[in-house]
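Below is one structure, written out as structure tokens, with a few remarks after it.
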Amino acid sequence: MAEIKINAKSRDFKTKGELNQARKEGLVPGVFYVKGENPVSVIVKGNDLNPLIYTSENHVVNLSIDGKEGILCLLKDVQFDPVSEKVIHFDLLGMTVGEEIEVEVPINFIGDAIGVKEGGRIQKALHKVTVKCLPRHFPESIEVDMSGLNIGDTITVGDLEVPNITFLQTDDTLLVSCIGAVAEEVEEETEEGPASTEPEVIGKGGSEEEE
């Protein structure tokens, strides 16, 4: 897996004013933590985080803190400003050699389903799965081939075969399905409810002519 190198400085802001000023200067505060050690408050250049955040794949971070290099970690969380959508905080999780980690891995759907050519439609239920594995087996993404899907077919977590990792979702967790036009109509009727019909009223007595 490709590594992204990020240089950070340890820094703990005392006031909100200091924090806001740093952000105006293009710096982003964050926290680095690893099991068994105290978390470290750090700050990095915002542009250095872009290749790590704006991507559909996971990457290992080769972190340097105050000149100490070779700290391997993963991006665990990112916070964005609700107005400007700029990154305002991040969390990095340190990796320990020989110790398994839990992490979300993006799904890369590939292939054109056979069912689509027959009028079906693809429905994707998940775009990420949670896995547990050793750092050296950590995947950037997991490919799911949809080309063999006919109308009515599905792919679940149990259908995936990726060596050296354990999926934390159950085997029957749905990833993607190919549905047909009939299934779509049934779903619409279920949501909107069946059309109401007025019952035919039959009188007790006969007509005048019959009398």
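The values are calculated or read from the model by the stated rules, or taken from the named source; none is laboratory data. What you see is a predicted model, and the numbers here were worked out from it, not measured in a lab. As a convention, Cβ positions derive from the backbone with ideal geometry for all residues, glycine included, and neighbour counts pool all protein chains shown.
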*Index of the failed condition, Leu134 passing every other in (1) outside the structural domain of His59 (by TED's automatic domain parsing); (2) in contact with a His (Cβ under 9 Å, 6 or more places away or on another chain); (3) of a type in the set (A, V, I, L, M, F, W, C)*: (2)
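One line per residue, one yes/no per condition, for (1) on the phi > 0 side of the Ramachandran plot; (2) among the aliphatic types (A, V, I, L, M):
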| residue | (1), (2) |
| --- | --- |
| Lys9 | no, no |
| Lys16 | no, no |
| Leu19 | no, yes |
| Gly36 | yes, no |
| Asn50 | no, no |
| Leu72 | no, yes |
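To keep it simple, each residue is scored yes or no on (1) in a strand (DSSP E or B); (2) on the phi > 0 side of the Ramachandran plot; (3) in the same structural domain as Leu174 (by TED's automatic domain parsing); (4) not basic (Lys, Arg).
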residue: Val61; (1), (2), (3), (4): yes, no, no, yes
residue: Leu75; (1), (2), (3), (4): yes, no, no, yes
residue: Val78; (1), (2), (3), (4): yes, no, no, yes
residue: Pro82; (1), (2), (3), (4): no, no, no, yes
residue: Gln123; (1), (2), (3), (4): yes, no, yes, yes
residue: Val129; (1), (2), (3), (4): yes, no, yes, yes
*Taking the residues in region 25-41 that are assigned to a loop (DSSP other than H, G, I, E, B) and not small (Gly, Ala, Ser) as candidates, determine which candidate is surrounded by the fewest Cβ atoms within 10 Å (Cβ to Cβ).*
Asn38
*Residues of region 15-41 satisfying the condition of being in contact with a Ser or Thr (Cβ under 7 Å, 6 or more places away or on another chain) and free of Cβ contacts under 8 Å to residues at least 40 places away in the same chain*: Val40, Ser41
*asked:* So, in region 1-46, how many residues would count as being among the small types (Gly, Ala, Ser) and in contact with a Phe, Trp or Tyr (Cβ under 6 Å, 6 or more places away or on another chain)?
replied: 1
_Test of understanding: among Ile151, Ile155, Ile71, Ile114, which residue is within 18 Å of the chain's Cα centre (by Cα), of a type outside the set (D, E, K, R) and surrounded by 12 or more Cβ atoms within 10 Å (Cβ to Cβ)?_
Ile155
*Before we move on, is Val61 among the β-branched types (Val, Ile, Thr), in contact (Cβ under 8 Å) with a residue 24 or more places away in the chain and within 22 Å of Phe138 (Cα to Cα)?*
yes
*Just give me the residues in region 42-64 being more than 16 Å from Glu104 (Cβ to Cβ) and loosely packed, with under 14 Cβ neighbours inside 10 Å, in sequence order.*
Asn47, Asn50, Pro51, Tyr54
*Looking at (1) under 23 Å from the mean Cα position of the chain (by Cα); (2) touching a residue at least 24 places away in the same chain (Cβ under 8 Å); (3) loosely packed, with under 12 Cβ neighbours inside 10 Å, find the lone condition where Asp12 falls short.*
(1)
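Conditions (1) closer than 20 Å to Gly36 by Cβ; (2) in the same structural domain as Lys24 (by TED's automatic domain parsing); (3) in a loop (DSSP other than H, G, I, E, B); (4) at pLDDT 90 or above, marked per residue:
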position: Ser64; (1), (2), (3), (4): no, yes, no, yes
position: Ile88; (1), (2), (3), (4): no, yes, no, yes
position: Ile107; (1), (2), (3), (4): no, no, no, yes
position: Gly115; (1), (2), (3), (4): no, no, no, yes
position: Gly119; (1), (2), (3), (4): no, no, yes, yes
position: Leu126; (1), (2), (3), (4): no, no, yes, yes
position: Glu140; (1), (2), (3), (4): no, no, yes, no
position: Ser147; (1), (2), (3), (4): no, no, yes, yes
